[in-house]
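In what follows, a single structure is set out as structure tokens and then discussed.
The values are calculated or read from the model by the stated rules, or taken from the named source; none is laboratory data. Just so you know, these numbers come straight off a predicted model, no measurement behind them. Cβ placement follows ideal geometry from the backbone for every residue including glycine, while neighbour counts extend to all protein chains displayed. Just the protein is used for accessible areas: all its heavy atoms, side chains included, with ligands, DNA and RNA removed. Shrake-Rupley method; radii C 1.70, N 1.55, O 1.52, S 1.80 Å.
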Amino acid sequence: MTSFDLLLLECRLPDGRVADIGCLGGRIAEIGARAGRAGGREVPCEGRVVTVGLVDAHIHLDKALLGGRAPSREGTVAEAIRVTGAAKHRFTRQDIADRARRVLDMAVRQGTTAMRSHVEVDPIVGLMGFEAILPLRHEYAPAIDLQLCAFAQEGILQMPGTEALLREALHMGADLVGGVPYNDTDAHRHIAMVFDLAAEFGVDVDFHADFFDEPQHLHALHIAQETVRRGWQGRVALGHVSEMAALPPDEQERLARVLAQAGVAVIVLPATDLYLMGRKDVRTVRRGLAPVKRLLAAGVTVAAATNNVRNAFTPLGTAGLPLMGYLLGVAAHMGADPELRLVLDTLTEHPARVLRLPDYGLTVGGRADLVIWEAERAEDVVAALAPCRLVVKAGRVTIEHARSVAEPWRDP
């Protein structure tokens, strides 16, 4: 009989079957009727549902939890960029690290086992943000895989010195590079410079793109063309892409096909997109989300992610991915059970593809990154915001929640 490091008893798999899961050497060694014993720890799950660990493909740890330092009064993208840029002048390395730790703790406790964070690199903060967050990748490694994107929020051409700082961050160990073509003087040159850095260092690319109500940029099309031209298929992601929702249906489908063929992923950011888009609409206010169902139908990899937590871009937030799934289900009209399963995929399988996580999945041989939920159906992770019971990272229990409820009003 196999001796497991961790044995999860009577888990309910996403397909409804109840099975035991044996973990050994950080991997899922067995799924099925109990055929081994726990050499390490044995956990009775009592029919609670198990999923793979959640994956947050887009967050900003360095500018989270700014609160009153960068308040949202107008509720516009331009204001958020402006007040956050001003607040950055007062950042310190310790301040950035402390806020990032708080967000990482929040995320890990809610079932996130992998994350990609954008870290701003520009002449305002220099490499301070990257220097503050880079050590957290090692500090939090037992609980979460953390990818860091060297990110040019303030532009490259309009902020001289940024390209050199991006290159330095990549030399220091940034996992990929990203930019914001709509926030620069020449979007196409900005895109080219980001791709050039990616090719130089052999890393992936992650753009913020087309974050407006009207289709006035549609940089997604040019980025898809560049992706193919440079042979970077499967290595490019686009955040927001809200402009796509304003296109006529046939043009949406055409763009979705282009993105699918180029292997370009789309990351919707429900809390931020819903908060900042449609601000000038006085009736029938737009939701500001990319057309998720149309993108999925075309074969595009689509992730839903946190983006910002309690700053001018998103004044609310818990860093919990189930809430992003809940918002997506409501706002994208994805509430039927088959659609809720797709929503859960945008928090698990799809963002794992974006991060190119090896051996990810609830399968024998896969990495033992798992979450046990206080639910009997996987759909209820997002539909009911089911609380997290237990988190497993690399076959080791990293988070345990103990809950009790007293109801004195029921006493006679």
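Overview of values
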{"read-out": "Relative counts (whole %) of C-alpha pair distances in region 305-355, using bins that are 10 Å wide", "value": "26, 47, 26, 1"}
{"read-out": "Average accessible area per residue (Å²) across the chain - probe 1.4 Å, nucleic acids and ligands excluded", "value": "40 Å²"}
{"read-out": "Virtual spin-label span in nm between Leu316 and Val405, 7 Å along Cα→Cβ", "value": "2.2 nm"}
{"read-out": "Crossing angle, helix 128-139 versus the chain [Cα axis fit, 0-90 degrees, rounded to tens]", "value": "20 degrees"}
{"read-out": "Percent carbon-and-sulfur accessible area, the chain, ignoring ligands, DNA and RNA, probe 1.4 Å", "value": "51 percent"}
{"read-out": "Glu374 versus Val282: modelled label distance in nm, points set 7 Å from Cα along the beta carbon direction", "value": "4.6 nm"}
{"read-out": "Rg [Å, one decimal], Dmax [Å, integer] - the chain, C-alpha atoms", "value": "21.3, 74"}
{"read-out": "Gained length - Gln216 relative to Asp359, 0.36 nm times residue gap less alpha-carbon distance", "value": "47.5 nm"}
{"read-out": "Orientation-averaged projected area, Cα convex hull of region 109-188 (nm²)", "value": "5.7 nm²"}
{"read-out": "Gaussian network model of the chain, springs between alpha carbon atoms under 10 Å - residue of Ala378, Ala262, Ala86 with greatest fluctuation", "value": "Ala86"}
{"read-out": "GNM result for the chain, Cα springs below 10 Å: residue of Gln158, Gln110, Gln261 fluctuating most strongly", "value": "Gln158"}
{"read-out": "For the chain, built as a Gaussian network whose Cα springs stay under 10 Å, the top-fluctuating residue of Leu166, Leu328, Leu247", "value": "Leu247"}
{"read-out": "Relative contact order for region 1-59, counting Cα pairs under 8 Å that sit 6 or more residues apart, in percent", "value": "42 percent"}
{"read-out": "Helix-only CD estimate at 222 nm, as mean residue ellipticity for the chain, using -39500 (n - 2.57) per DSSP H run (n ≥ 4)", "value": "-9500 deg cm²/dmol"}
{"read-out": "All-pairs Cα distance distribution in region 142-222, expressed in whole percent, bin size 10 Å", "value": "19, 49, 25, 7, 0"}
{"read-out": "Dipole magnitude of region 119-202 about its Cα centre (Cβ charges: Lys, Arg +1; Asp, Glu -1), debye to nearest 20", "value": "60 debye"}
{"read-out": "Three principal axis lengths of region 54-138 [C-alpha, angstrom, descending]", "value": "33, 26, 19"}
{"read-out": "Whole-Hz couplings from phi, Karplus 6.51/-1.76/1.60, listed for region 362-379; x for Gly and Pro", "value": "8, 8, 4, x, x, 5, 7, 10, 9, 9, 9, 10, 7, 7, 9, 10, 4, 4"}
{"read-out": "Principal axis box of region 1-65, alpha-carbon based, largest edge first, Å", "value": "50, 26, 16"}
{"read-out": "Region 324-340 - phi-based ³J(HN,Hα) in whole Hz, Karplus 6.51/-1.76/1.60, Gly and Pro as x", "value": "5, x, 4, 4, 5, x, 6, 6, 9, 6, 10, x, 5, 3, x, 6, 5"}
{"read-out": "Rounded to whole Hz, the Karplus (6.51, -1.76, 1.60) HN-Hα couplings of region 343-360, x for glycine and proline", "value": "4, 4, 4, 6, 9, 10, 4, 5, x, 4, 5, 4, 7, 6, 6, x, 6, 8"}
{"read-out": "Acute angle (nearest 10 degrees) that the helix 162-172 long axis makes with the longest principal axis of the chain, alpha-carbon atoms", "value": "30 degrees"}
{"read-out": "Listed residue (Ile81, Met244, Val177) projecting farthest to the positive dipole end of the chain, Cβ model", "value": "Ile81"}
{"read-out": "Descending principal axes extents, region 360-412, alpha-carbon based, whole Å", "value": "54, 23, 14"}
{"read-out": "DSSP-defined beta bridges in the chain - what % are antiparallel, rounded to 5", "value": "35 percent"}
{"read-out": "Cα-based Rg of region 228-320 normalised by 2.2 N^0.38 Å, two decimals", "value": "1.16"}
{"read-out": "Linear extension gain, Asp250 paired with Arg27, 0.36 nm per residue minus alpha-carbon span", "value": "75.8 nm"}
{"read-out": "Test item: Cα-centred dipole of the chain, Lys/Arg +1 and Asp/Glu -1 on Cβ, debye", "value": "400 debye"}
{"read-out": "Dipole moment magnitude, nearest 20 debye, region 256-412 about Cα centre, only Lys, Arg, Asp, Glu C-beta charged", "value": "700 debye"}
{"read-out": "For region 94-244: Kirkwood Rh in Å [reciprocal of mean 1/r, alpha carbons]", "value": "15.9 Å"}
{"read-out": "Cβ-derived FRET efficiency at R0 45 Å, Ser3 paired with Gln261, nearest 0.05", "value": "0.40"}
{"read-out": "Angle between the chain longest axis and helix 93-108 axis [Cα atoms, degrees, rounded to 10]", "value": "40 degrees"}
